[in-house]
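The next block holds one structure in the form of structure tokens; read it before the comments.
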Amino acid sequence: MKKVNVAILGVMGSVGTEILKVLEERKFPVDNLKLLASKKYAGREIIWNSLKYVVEEVTKDSFDDVDILLSAVPSEASKIYTPIAVEKGVVVIDNSSAYRYDENVPLVIPEINPEDVETHEGIIANPNCSTIIALLPLSEINKLSLIKRIIASTYQAASGAGNKGMEELERQTKDYANEKELEVKAFHHQILHNVIPQVDNFTENGYTKEEMKMVNESRKILHNKNINISCTSVRVPVLRSHSVSMIVETEDDVSVEKAKELLSKSKGIKIVDDIERNIYPMPKDSSNQDLVFVGRIRKDLSGNGLNLWCCGDQIRKGAATNAVQIAELLVSSSNESSDRSC
Ligand SMILES: NC(=O)c1ccc[n+]([C@@H]2O[C@H](COP(=O)([O-])OP(=O)(O)OC[C@H]3O[C@@H](n4cnc5c(N)ncnc54)[C@H](OP(=O)(O)O)[C@@H]3O)[C@@H](O)[C@H]2O)c1
């Protein structure tokens with residue numbers, strides 16, 4: 001397979017660190033690797049695939065000779081560096097929400113809409129983490145009968161706010177044990193021993209930006225503007241792995257058995273559903289791996305449809321792994337057609 005020159009922007013962050021691991025695990029065909037970060041990390045040494053790399057401060061000249069940029073910085077930073085990289089012919093796979101709604105930017109989950117990668121004009125957006133986790137099982141149910149309506153509630157891990165979110169939960173846990181006052185920095189309220197019904201800022205309609213991502217991104221990925229979606233996003237004191245509870249209304253009746261049969265054969269999904277033995281998906285089990293665990297699959301008592309519960313590691317399948325899978329699609333399509341760059 002053709003090797004490509006890869007750069008990771010934000011390599012010291014929670015998603016950037018994981019991208020490095022995933023590239024190595026999946027034996028991604030890397031020729032040259034560039035590790036880019038903010039000034040404070042410049043000069044740090046990182047061992048990747050048994051070789052030593054030095055982290056560089058990102059500048060406008062960082063993207064020469066790069067084929068694919070895996071960007072793992074906040075939207076504001078992506079808006080600075082993505083256009084510079086694209087101008088230099090780099091294909092950017094962006095983990096931020098900066099370009100997700102742009103018409104010429106495909107929003108891709110490789111198990112669901114891999115063909116959309118082909119439509120890129122230099123930027124491919126990685127979808128919102130809870131949306132990726134929810135849509136893996138939902139897109140399968142949608143094959144059995146068209147989904148009309150989804151009511152979702154997310155239970156989002158502290159690491160969804162990046163390293164500072166994880167550090168805050170760990171610090172508050174330690175300080176609580178030492179009877180110290182708890183410092184609140186990363187979230188609007190104390191996260192330890194609490195749940196916070198706010199992820200990101202509120203929009204004019206009373207929903208948060210995070211909740212509206214589930215609505216708008218699901219429609220774009222499923223190519224269905226008519227699907228009705230309502231979401232409540234909640235931050236919970238879990239270190240890693242988001243959980244989503246979903247009520248799914250379908251056009252025709254879908255039996256639990258049919259749904260389980262299809263989901264058990266679906267890519268990226270593991271059925272964890274044995275209530276006789278109190279077995280169901282939990283974030284502690286779905287962390288540090290790539291599958292979305294799906295369980296508690298049952299008939300909705302209030303209408304035509306199903307209720308389900310799923311958990312997935314949002315730093316891996318919700319970000320790093322999904323981004324590397326998109327890069328794999330680029331490489332395999334450029335192998336098929338040698339005159340098209342990735
Ligand atoms: N965490 C998740 O579960 C998750 C899931 C899906 C998508 N995402 C998205 O992925 C991106 C990265 O998130 P994260 O969780 O990895 O955050 P993070 O742990 O806070 O890491 C972000 C990294 O970006 C760097 N950075 C920020 N501004 C920069 C700039 N102007 N130039 C260079 N580097 C800069 C930061 O460096 P400093 O420390 O110097 O600021 C930090 O190392 C975000 O867009 C986020 O929304 C995150």
In whole Å and largest first, what semi-axes does the C-alpha gyration tensor of region 1-85 yield when each eigenvalue is scaled by 5 and square-rooted?
19, 15, 12
Vicinal HN-Hα couplings computed from phi for region 83-97 (Karplus, 6.51 cos²θ - 1.76 cosθ + 1.60; Hz; Gly/Pro x):
x, 5, 5, 4, 4, 8, x, 7, 8, 9, 9, 9, 7, 7, 8
FRET efficiency for residue 300 and residue 182, Cβ-Cβ distance as r, R0 = 41 Å, nearest 0.05?
0.55
Would you order 166, 1 from fewest to most other beta-carbon atoms within 10 Å of each residue's own beta-carbon?
1, 166
Quick one: which residues, 5 or more positions from residue 314 or on another chain, have an amide H under 5 Å from its amide H? H modelled 1.01 Å from N in the peptide plane, none for Pro or chain starts.
241, 242
Flagged links, alpha-carbon separation over 23 Å, of 225/270; 34/185; 2/88; 143/258; 164/209; 3/164
225/270; 34/185; 3/164
Amide H to amide H, which residues 5 or more places from residue 146 or on other chains are under 5 Å from it, using H placed in the peptide plane?
251, 252
Please compute one quarter of the surface area of the Cα convex hull for region 23-127 and express it in square nanometres.
7.1 nm²
Over region 77-205, the quotient of the Cα radius of gyration and 2.2 N^0.38 Å is 1.35
Among the aspartates and glutamates, which have Cα under 13 Å from the Cα of residue 284 when same-chain residues fewer than 8 positions away are ignored?
313
Under-5 Å amide H pairs with residue 305, H placed in peptide plane, nonlocal only
250, 254, 300
For the chain, modelled as a GNM with alpha-carbon contacts under 10 angstrom, which of 91, 292, 105 fluctuates the most?
105
For the chain, taking Cα atoms only, what is the radius of gyration to one decimal and the Dmax to the nearest whole Å?
20.2, 64
Label model pair residue 45, residue 102: point-to-point distance (7 angstrom along the Cα→beta-carbon line) in nm is 3.8 nm
Mean separation of Cα pairs under 8 Å and 6+ residues apart, divided by the residue count of region 16-95: what relative contact order is that in percent?
24 percent
Which value in deg cm²/dmol, rounded to the nearest 500, describes the helix-derived mean residue ellipticity at 222 nm for the chain, given -39,500 (n - 2.57) per DSSP H run of n ≥ 4 and division by the residue count?
-9000 deg cm²/dmol
Please give me, ordered by residue number, the trypsin sites (Lys or Arg not before Pro) of region 190-230 that lie in loop per DSSP and have at most 14 other Cβ atoms within 10 Å.
225
Each label sits 7 Å from Cα toward the beta-carbon; between residue 198 and residue 1 the label points are separated, in nm, by 4.4 nm
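Bear in mind these aren't lab numbers, they're just calculated from the coordinates by the rules spelled out. All of these numbers come straight from a predicted model, not from anything done at the bench. Note that we place each Cβ from the backbone using ideal geometry, even for glycine, and neighbour counts take in every protein chain shown.
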